[in-house]
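Each remark here refers to the structure printed beneath this line.
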Amino acid sequence: MQHVQHEQHEHAGRTRTDHAHTDHAHAGHSLGKVSWSMAAQATLHCLTGCAIGEVLGMVIGTAFGWGNAPTMILAIALAFFFGYSLTLRSVLRAGVDFRTAFRVALAADTLSIAVMELIDNGVIALWPRAMDAHLSDGLFWGALAASLAIAFVVTTPVNKWMIGRGKGHAVVHRYHH
């Protein structure tokens, strides 16, 4: 996180102070330095919901003999559902009403899940023969594990950036006091 400094400038005998920041920057500074560990924990939380949804969606799609597109759509929808549900559950435990908890879950997880799903499904779509692999194939599980690992690595800096600005899982942590 970059530290914002006030600079004094002399111009035509007058001194002025440049405020090279906004209220948005103040919000980020009030949180202190965000550790990679904190970002990784938030990403792991997101990864858990995404993985549950992805696997369940693929199992359901495969069991019903669906093609790749409807199976992937179901898997993505379930990834969002389970990602939001895990956050919703923890915020509700803090005694927050459902409507507020739902808004917190949306604010905390939407970008994180979206990035994770984009990377995860992109890797699987680009992996040779992965889209045609069945649940009983090692390729299916290997490609899924690799795609989730890559998604974790890409999403962790996104979460670090969001938490540092008071967004994402920083919103959830306000309810864990």
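Per-structure values
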| quantity | calculated |
| --- | --- |
| Test: residue in segment 87-97 that is assigned to a helix (DSSP H, G or I) and within 15 Å of the chain's Cα centre (by Cα) | yes |
| Among residues of segment 41-65, those that are small (Gly, Ala, Ser) and surrounded by fewer than 17 Cβ atoms within 10 Å (Cβ to Cβ), counted | 2 |
| Given (1) within 17 Å of Ala51 (Cβ to Cβ); (2) of a type in the set (A, V, I, L, M, F, W, C); (3) in a helix (DSSP H, G or I); (4) over 14 Å from the mean Cα position of the chain (by Cα), number of the condition Phe152 does not satisfy | (4) |
| Subset of segment 98-123 (residues that are polar (S, T, N, Q) and either within 18 Å of the chain's Cα centre (by Cα) or in a loop (DSSP other than H, G, I, E, B) (or both)) | Thr110, Ser112, Asn121 |
| Scope segment 67-93; condition touching an Asp or Glu at 6+ places or on another chain (Cβ under 9 Å) and open to solvent by 60 Å² or more (accessible area, probe 1.4 Å); matching residues | Asn68 |
| So Lys160, is it outside any helix (DSSP H, G or I), open to solvent by 30 Å² or more (accessible area, probe 1.4 Å), of a type in the set (Lys, Arg) and in contact (Cβ under 8 Å) with a residue 12 or more places away in the chain | no |
| Condition broken by Val96, with the remaining ones in (1) open to solvent by 50 Å² or more (accessible area, probe 1.4 Å); (2) touching a residue at least 60 places away in the same chain (Cβ under 8 Å) satisfied | (1) |
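The values are calculated or read from the model by the stated rules, or taken from the named source; none is laboratory data. In this text the structure is predicted, and so the values were computed from the model without any measurement. Note that each Cβ is placed from the backbone with ideal geometry, even for glycine, and that neighbours are counted across all protein chains shown. For accessibility, only protein heavy atoms count, side chains too; no ligands or nucleic acids. Shrake-Rupley method; radii C 1.70, N 1.55, O 1.52, S 1.80 Å.
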